[in-house]
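See structure below.
FYI, it's all coordinate maths here, none of it is from the lab. Just so we're clear, the structure is a prediction, and the values are computed from it rather than from any experiment. Virtual Cβ from ideal backbone geometry, glycine too; neighbours counted across all protein chains shown.
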Amino acid sequence: MKRVLPAAAFWLLVWQLAAMAVSNTILLVGPLETAAALLRMAGTAEFWASVAGSMLRIVGGLLAGTAAGILLASVSFASPRAELVLSPFVAVMKAVPVASFVILILIWAGNGMLSFFVTSMVVFPVLYVNTLNGLRSTDKKLLEVARVFRMRPSARVRYLYLPQLVPFLKAGLALAAGMSFKSGVAAEVIGQPLLSIGNGLYRAKIWLETADVFAWTAVVIFISWLIERLILKAVAGGKAQAPGTHAGPDGTHAGPDRSHAGPGGTHAGPDSGKEAP
């Protein structure tokens, strides 16, 4: 954070100097005008209702798309036939423009939950691909050892699959969090649901209130950053386990100083140079 603050201050200064050089508040406003517009908007109930409504719909879509992506990727990993069936659908979801999603959902369901559905459709392929790649990266030798020693399925998931999957999930969620707010707010600008950030942006554009446009944009950036940090922290926290511990092949825990079993089933300590009888 200490390294980020000087860089942020530098770009805020560049922004303010650029606004002063342009000297036209319709074309460009600086951070001071943006902050003033944000403070003015924050004093109204409509602002908070718009922020809360958009955030709930977009975050809901993010969670729904994430859950669907992880679930269907797990099914595809377990069943090659399921992957064959799902691959065309995922390819289409990755390629369809957000505008096409918006128009179709407006026709099918109206604009009430528009950002929820658009966000879930944008997030789904990102988490599907990352989860599938993460599962495929699991060490095949470890899986074979787990099969030979009949490790419980729950222990395999926790100690073999999850450590490989977490980095892929973190990368996918970091990308999905930003994409969800971009696509969700863009959908609201097109669909115009009442009490939404997209509606606020559209009205600011109509009245040429450039400071309000920048203020709404700053709100979206902050919420997107906050949600991303919270999600990544939750993923990292779910990965944590006691330091130095590991799971035995039957799913039980062995401490860091526990001796290892010899080939005959007897135990030999880590400092012992003798073979077990």
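Worth pointing out:
- Shape call, the stretch 46-240: gyration tensor on alpha carbons, a/c limit 1.5: prolate
- Cβ-Cβ FRET estimate between ALA7 and ARG203, R0 fixed at 51 Å, reported to 0.05: 0.95
- Normalised by the number of residues in the stretch 72-146, the mean separation of alpha-carbon contacts (under 8 Å, six or more apart) gives a relative contact order of 40 percent.
- Distance-filtered residues of the stretch 114-133 - backbone nitrogen under 15 Å, label point 7 angstrom along VAL92 Cα→Cβ: 121-122, 125
- Over 24 Å (Cα to Cα) - which of LYS140/LYS170; LYS182/LYS233; LYS94/LYS140; LYS94/LYS182; LYS94/LYS170 fall in this group: LYS94/LYS140
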